[in-house]
Amino acid sequence: MHPILLGFAAILLEASAVAALFLAENGLALLLWFLLLHGLASLALALSAWHYLPAYYRATRRLTLWLLFNFSFFVPVLGPVGLIVAALVSVYWPHLIAYRPFGNVSLPEFDLSLHHASPQFGQGGIKSRLANTVIPTDRRLQALLSLGDVPAHIASPMLHDMLDDSTDDVRLVAYGILDAKEKQINAKIHDELKTLAGTGDDALRLVSLRHLAELYWEHVYSGLAKGDLRLHALETATGYLARALELAPRNPGLWFLKGRLLREQQQPDAALAALDRAVACGLPEERALPYLAELAFERRDYAAVRAMLDKIASTQITQKMQTVIRFWASGAPEKTL
């Protein structure tokens, strides 16, 4: 049947149902008669209104019809009137029904200032919150969990301190974060070892050997490896680095890493030679200057320290390094020695 005819039939049936309520008779028979007429009117109106719905609403025929029928049947008079109005709107004013399917949108312009999200806590704030045992445990745990996104060499000392905390939950969470960071490095080492074993190309072997040396060095630099494990990581990193240098003897990055490894192994003279070699091979001097200044300080060559810090002052430096440079520029070390 045509939707318009169904609509008129629904109106007549609904009018008949309402008129039946005003008959002099009353009782169960009258109620059943009303429900029958009203149900037929609701069914006819649901079928009529369904034809005027947008196509994407007609995709699920049974569910849509069931919804329209229920709306009309369980809201007598007002329900059918509402469906009629909705059908008229969809026919004569379809632009009022907003349907915006998924589409392509242009990428937003990259904003460098939003590239790194601001941390929830500053490093000092985390330290003070973790050290203060008066603070509720849940707030200390919140600060502790934020260390999961902090670089390992910054987070590791604080996490190790929390292993001796009096609260069980704090100790367990600290251990879990340390373990997760260590497993991340070990997983990368495992993948790199598989890559190294599966290639005979010298260029690829060089990349794998360098990555392995850097990953074992990360165990040491981040403070995750302690005691014998630290010594093992240093020796293993040195071994892979030596093999990498055999393939690329003039690679400045490899010599720079060797200098840091040797300094950690308490070999200052060899470390100085390696850092000088790195600069000679093309490493920017400003990258090596902080380490050269540390080596000069350890051998008590304070004039060299000041000279190197003067060179660092001409480059972009952190606030902490600015404080160090101002201290040495004031001549304070000479007064205290």
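The values are calculated or read from the model by the stated rules, or taken from the named source; none is laboratory data. None of the values given here were measured: they were computed from a predicted structure. Cβ: placed from backbone, ideal geometry, glycine included. Neighbour counts: every protein chain shown.
Tell me, yes or no, whether the stretch 260-268 has at least one residue that is outside the structural domain of Lys183 (by TED's automatic domain parsing), within 30 Å of Tyr175 (Cα to Cα) and acidic (Asp, Glu). Among the residues of the stretch 260-268, at least one is outside the structural domain of Lys183 (by TED's automatic domain parsing), within 30 Å of Tyr175 (Cα to Cα) and acidic (Asp, Glu), which makes the answer yes. Among the residues of the stretch 199-224, the one identified as acidic (Asp, Glu), more than 13 Å from Arg243 (Cβ to Cβ) and surrounded by fewer than 17 Cβ atoms within 10 Å (Cβ to Cβ) is Asp201. If you go through the stretch 200-221 and pick out every residue that is free of Cβ contacts under 8 Å to residues at least 40 places away in the same chain and more than 23 Å from His153 (Cα to Cα), you end up with 5.
Would a scan of the stretch 122-129 turn up a residue that is exposed (fewer than 14 other Cβ atoms within 10 Å of the Cβ), of a type in the set (Val, Ile, Thr) and at pLDDT 50 or above? Checking the stretch 122-129: not a single residue is exposed (fewer than 14 other Cβ atoms within 10 Å of the Cβ), of a type in the set (Val, Ile, Thr) and at pLDDT 50 or above.
Selection of helices (runs of 4 or more DSSP H) fully inside the stretch 167-282 by the criterion of at least 2 residues being under 35 Å from the mean Cα position of the chain (by Cα) and within 30 Å of Leu145 (Cβ to Cβ) returns 168-197, 202-221, 228-247.
If only residues of the stretch 178-198 that are of a type in the set (A, V, I, L, M) and farther than 14 Å from Tyr216 by Cβ are counted, the one that is surrounded by the most Cβ atoms within 10 Å (Cβ to Cβ) is Leu178.
Evaluated against (1) modelled with pLDDT of 75 or more; (2) hydroxyl-bearing (Ser, Thr, Tyr); (3) loosely packed, with under 12 Cβ neighbours inside 10 Å, Tyr99 falls short on exactly one condition, (1). Is at least one residue of the stretch 65-82 touching an Asp or Glu at 6+ places or on another chain (Cβ under 8 Å) and either surrounded by 14 or more Cβ atoms within 10 Å (Cβ to Cβ) or modelled with pLDDT of 80 or more (or both)? Yes; the residues of the stretch 65-82 include at least one that is touching an Asp or Glu at 6+ places or on another chain (Cβ under 8 Å) and either surrounded by 14 or more Cβ atoms within 10 Å (Cβ to Cβ) or modelled with pLDDT of 80 or more (or both).
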